[in-house]
Amino acid sequence: MSTLTETTIRVNIPQDAYDVRIAPGGLDSLGQWLASEGAPLIKPGQKVLVVSNPIVFDLYGKRTIDALTQAGYDVCHCILPAGEQHKHMASIAQIHDVAYENRLERSSAMVALGGGVIGDMTGFAASTWLRGIAVVQVPTSLLAMVDASMGGKTGVNHPKGKNLIGAFHQPRLVLIDPQVLETLPVREFRAGVAEVIKYGVIWDLPLFEKLEAAERLDDFNYVSEDLLQYMLEHSCQAKADVVSQDVREGGIRAILNYGHTIGHAVESLTGYSEINHGEAVGIGMVAAGQIAVNMGLWDASATRRQDALVNKARLPTRLPANVSIDDILVAIKSDKKVKEGTVRFVLPKGIGTAFVTSQVTDERAQIALKSLI
Ligand code: GLY
């Protein structure tokens with residue numbers, strides 16, 4: 001018998017507050033929750049466009065559509081090819097074509113059923129259709145559950161850099177059904193664990209310690225329900241705490257980019273296909289930890305503890321052989337984290353706290369990256 005329990009986390013963004021519902025089996029209640037009597041999040045009778053990829057749609061499309069139809073919505077769908085390499089403007093045009101064919105109106109909504117790629121693209125398509133319609137996030141990967149589905153960042157990649165095109169568009173609801181993780185490929189599960197480790201390092205020492213105490217982090221089938229519940233609740237709470245303080249990343253929200261400066265460079269240099277986002281973040285956290293140690297900001301023992309977690313999740317801790325340090329140094333300069341010409345890094349300064357700095361020179365980054373060869 002499952003011991004996973006239902007929990008709701010409120011993301012308190014002024015004018016745009018919403019719930020993140022962690023609900024085992026909740027997929028079947030999606031329509032009911034959106035339609036909730038008295039205060040519907042989307043009015044029953046409205047058109048709802050479900051966006052997904054073929055793999056997720058085969059597994060969960062029917063249940064999602066049934067749940068929405070039973071609650072009185074007029075449902076259509078759009079299936080996009082799976083993978084980060086399809087996260088581009090042409091896919092947004094495809095969603096808009098389906099929105100046009102089905103005459104989606106201002107009061108209609110889109111539902112993102114999938115991982116981070118589907119969530120980001122659906123959110124962006126919703127933010128631009130008729131100048132903005134409602135979006136509901138139903139993340140099906142661990143990574144999307146703990147990070148991408150919350151906080152309203154939406155968008156697509158530009159050939160020259162990740163997520164360079166996008167908009168902030170908060171969802172009406174985030175529905176996390178942990179049971180769908182049963183079908184998530186193991187490599188994708190590990191990618192999500194990278195983001196969970198990130199929250200431990202930058203925000204939540206008890207989460208970090210809980211991960212340290214776990215026997216395994218590399219496979220959903222060997223992670224206890226108690227640990228999974230803890231990981232989901234703590235990660236989502238961390239993200240909610242941070243984004244409610246700083247919606248548009250004017251300040252503290254930037255710490256969520258821990259491991260992402262070098263991570264994004266590695267992802268883009270490997271064509272968004274060889275190394276997935278979580279793996280790249282794992283490599284980026286190892287590099288950032290080393291930079292912090294070299295700058296005297298972090299204990300060598302703390303970075304060893306962090307790297308041990310990355311290893312425990314069986315995420316890579318070394319640079320891919322086909323990526324050179326010089327290429328990384330060039331790539332990080334075209335990332336959107338560059339401000340007034342300076343690359344900004346997030347560095348830890350203890351386990352559970354992090355800060356943003358522009359003081360990481362090329363030379364410092366280079367020395368740290370050498371230790372990842
Ligand atoms: N994934 C980082 C953020 O949402 O700000």
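The values are calculated or read from the model by the stated rules, or taken from the named source; none is laboratory data. Keep in mind that this is a model prediction, so the values were computed, not measured. Note that we place each Cβ from the backbone using ideal geometry, even for glycine, and neighbour counts take in every protein chain shown. These accessible areas exclude ligands, DNA and RNA; they are computed on the full protein's heavy atoms, side chains included. Shrake-Rupley method; radii C 1.70, N 1.55, O 1.52, S 1.80 Å.
Details
- Residue in the stretch 243-263 that is nearest to the ligand (Cβ to nearest atom), counting only those that are open to solvent by less than 30 Å² (accessible area, probe 1.4 Å) and free of Cβ contacts under 8 Å to residues at least 40 places away in the same chain: Asp246
- Test set (1) touching a Leu at 6+ places or on another chain (Cβ under 6 Å); (2) open to solvent by 20 Å² or more (accessible area, probe 1.4 Å) - Ala300 fails condition number: (1)
- Extreme residue, farthest from Pro316 (Cα to Cα), among residues of the stretch 273-298 that are under 17 Å from the mean Cα position of the chain (by Cα) and away from the ligand (no atom under 16 Å from the Cβ): Ser273
- Qualifying residue in the stretch 274-289 (condition: among the small types (Gly, Ala, Ser), touching a residue at least 24 places away in the same chain (Cβ under 8 Å) and surrounded by fewer than 23 Cβ atoms within 10 Å (Cβ to Cβ)): no
A quick yes/no check of all residues on (1) touching a strand residue (DSSP E or B) at 6+ places or on another chain (Cβ under 8 Å); (2) over 20 Å from Ala125 (Cα atoms); (3) open to solvent by less than 50 Å² (accessible area, probe 1.4 Å):
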position	(1), (2), (3)
Ile42	yes, no, yes
Gln46	yes, no, yes
Gly72	no, yes, yes
Leu80	yes, no, yes
Ile92	yes, no, yes
Asn102	yes, no, no
Arg106	no, no, no
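- For the stretch 1-15, a residue qualifies if it is open to solvent by 40 Å² or more (accessible area, probe 1.4 Å) and either hydrophobic (A, V, I, L, M, F, W, C) or part of a loop (DSSP other than H, G, I, E, B) (or both), and the qualifying residues are Met1, Ser2, Thr3, Thr5, Glu6, Asn12, Pro14, Gln15.
- Residue satisfying all of: in the stretch 317-373; of a type in the set (S, T, N, Q) and outside any loop (DSSP other than H, G, I, E, B); least open to solvent (accessible area, probe 1.4 Å) among these: Thr357
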